[in-house]
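Participant: Mind having a look at this structure? Questions to follow.
The values are calculated or read from the model by the stated rules, or taken from the named source; none is laboratory data. The model shown is predicted, which means the values in this text are computed figures rather than measured ones. Heads up, the Cβs are rebuilt from the backbone with ideal geometry, glycines too, and the neighbour counts pull from every protein chain shown. Heads up: the accessible areas ignore ligands, DNA and RNA and are worked out on the full protein's heavy atoms, side chains in. Shrake-Rupley method; radii C 1.70, N 1.55, O 1.52, S 1.80 Å.
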Amino acid sequence: MNAKIDWKYPEPRKGLAGAWDKFIGPGATVTEQLLVIIPSAVFSLFIVAHAYISQIGWSISQCIIAALLAFDIGGGVTANATSSAKRWYHRSGQGFKQHFGFIALHVFHIFLVAWLFRDFDITFLSVIYLYLLTSAGLVLLVPLYIQRSVALLLTCGAIVLSQFIVLPTNGLQWFVPFLFIKLLVSLLVWEEPYAE
C-alpha cells in the first residue's frame, strides 16, 4: 500500500464554518464529515429512544443532555481519528500543555453525568476524572512507538473501572468507555495523516 502522508491543512474558515473546522479539522473531506455527523446523530437518537423504551425515567432535560453527550462523545470518537483532525490537533505548537488542557476540559462532561444521572456522585466524578488526567499524562509522556498500546491499555482500565469499581450509569453505560476512546485513543495518539 502506497499511502501519502500529508501534514498540510488549510486555514479555518470564518464564522460558524470556522468553528466547525476547528472542531473536526480544517479541510475535512465530505466522507470524514459524514463519518462524524451521521453516527453522532444516530447514536443520540438511539440513546434517547433506548431510555424511553427501557422506561429509565429520565426527564426531558436529562434526555437532552444525554443526547448532547452522545453526539459530542460518539462523534468525537470518529472525528478525532480522521486525518484532518490529526493534522489540526497535532500541528506545530500543539504539545503536552494544549492536549492536556483539552482533556482537562472534559471534567464538564463527567460532572454532568455525576450530577444529573448519578445524584451528584462525587466518588464517580473524582475517580473517573483523576484516572482520565493520569491516563492522558501517561499517553502524552510515553515514547511514540508504544503510545497507541498504552492508550488502549489505559482505556481498558477505564472500562474495568467503570464497570466494576464505580459501576455503570443506568442508560449511560457507554459513557466512560466512549469518552476514553475519544480522548486517549482517537485524539492523543500521534498518527500520520494520510491524503485522500
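Participant: Taking the stated definitions as given, is F46 among the hydrophobic types (A, V, I, L, M, F, W, C), more than 16 Å from F180 (Cα to Cα) and not in a loop (DSSP other than H, G, I, E, B)?
Facilitator: Values: among the hydrophobic types (A, V, I, L, M, F, W, C): yes; more than 16 Å from F180 (Cα to Cα): yes; not in a loop (DSSP other than H, G, I, E, B): yes.
It is true that F46 is among the hydrophobic types (A, V, I, L, M, F, W, C), more than 16 Å from F180 (Cα to Cα) and not in a loop (DSSP other than H, G, I, E, B).
Participant: Among the candidates E11, E32, single out the residue that is surrounded by 15 or more Cβ atoms within 10 Å (Cβ to Cβ), charged (D, E, K, R) and free of Cβ contacts under 8 Å to residues at least 60 places away in the same chain. Before you say what the answer is, go through the steps one by one.
Facilitator: Working: E11 fails: surrounded by 15 or more Cβ atoms within 10 Å (Cβ to Cβ).
Among E11, E32, only E32 is surrounded by 15 or more Cβ atoms within 10 Å (Cβ to Cβ), charged (D, E, K, R) and free of Cβ contacts under 8 Å to residues at least 60 places away in the same chain.
Participant: Here's another thing I want to ask about it. Which residue is most open to solvent (accessible area, probe 1.4 Å), if the candidates are limited to the range 19-29 and must be part of a loop (DSSP other than H, G, I, E, B) and either touching a strand residue (DSSP E or B) at 6+ places or on another chain (Cβ under 7 Å) or not polar (S, T, N, Q) (or both)?
Facilitator: G27
Participant: Given the residues A114, A81, which is the only one that is assigned to a loop (DSSP other than H, G, I, E, B) and modelled with pLDDT of 95 or more?
Facilitator: A81
Participant: Could you say which residue among I38, I73, I53, I5 is surrounded by 13 or more Cβ atoms within 10 Å (Cβ to Cβ) and of a type in the set (V, I, T)?
Facilitator: Details: I38 fails: surrounded by 13 or more Cβ atoms within 10 Å (Cβ to Cβ); I53 fails: surrounded by 13 or more Cβ atoms within 10 Å (Cβ to Cβ); I5 fails: surrounded by 13 or more Cβ atoms within 10 Å (Cβ to Cβ).
So the residue among I38, I73, I53, I5 that is surrounded by 13 or more Cβ atoms within 10 Å (Cβ to Cβ) and of a type in the set (V, I, T) is I73.
Participant: Return the residues of the range 30-57 that are within 17 Å of K86 (Cα to Cα) and over 20 Å from the mean Cα position of the chain (by Cα); say none if nothing qualifies.
Facilitator: V30
Participant: Determine, yes or no, whether T123 is open to solvent by 80 Å² or more (accessible area, probe 1.4 Å), touching a residue at least 12 places away in the same chain (Cβ under 8 Å) and in a helix (DSSP H, G or I). Write out each step before concluding.
Facilitator: Numbers: open to solvent by 80 Å² or more (accessible area, probe 1.4 Å): yes; touching a residue at least 12 places away in the same chain (Cβ under 8 Å): yes; in a helix (DSSP H, G or I): yes.
Here the answer is yes, as T123 does meet what is asked.
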